[in-house]
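What follows is a short report on a single structure.
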Amino acid sequence: ASLGSRTPTIKNMAELANCSVHSLQLELATQGYFYRDLVRRVRFDEAQQWLSEGRVPLCEIASYLGYSDAANFSNAYRRWTGESPSGSRGRTG
């Protein structure tokens, strides 16, 4: 999955699945998921991929993943991994 430059809302995803937001939430819950956690997982996976390439500036990665700036992305990355994105650049994957 790819987020592109815009993270889809749960409403967008429900429309794509041709169901209500509530139905999508219930289906995800029966499988042990929450939408926000899935978005975080996709963001993390894509961050790892971008960082492993080592040549894309953090501000561009942040924008691509839907963060308002590099600082917010860096804070999220630290929560996920315990280290800064620049500290793991080139070593991810």
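No value in this document is a laboratory result; all are computed from the given coordinates. Predicted model only: the values in this text are computed from it and were never measured. Here the Cβ is made from the backbone with ideal geometry for all residues, glycine too, and neighbour counts use every protein chain on show.
Couple of notes before you dig in:
- Length gained when the stretch C19-F34 is fully extended (0.36 nm per residue, less Cα-Cα span): 3.8 nm
- Share of alpha-carbon pairs per 10 Å distance bin for segment 22-87, given as whole %: 20, 48, 20, 12, 0
- A simple charge model with +1 on the Cβ of Lys and Arg, -1 on the Cβ of Asp and Glu and nothing else charged puts the dipole of the chain at about 200 debye relative to its Cα centre.
- Short-range pairs are left out: with C-alpha atoms under 8 Å and at least six residues apart, the relative contact order of the chain is 31 percent.
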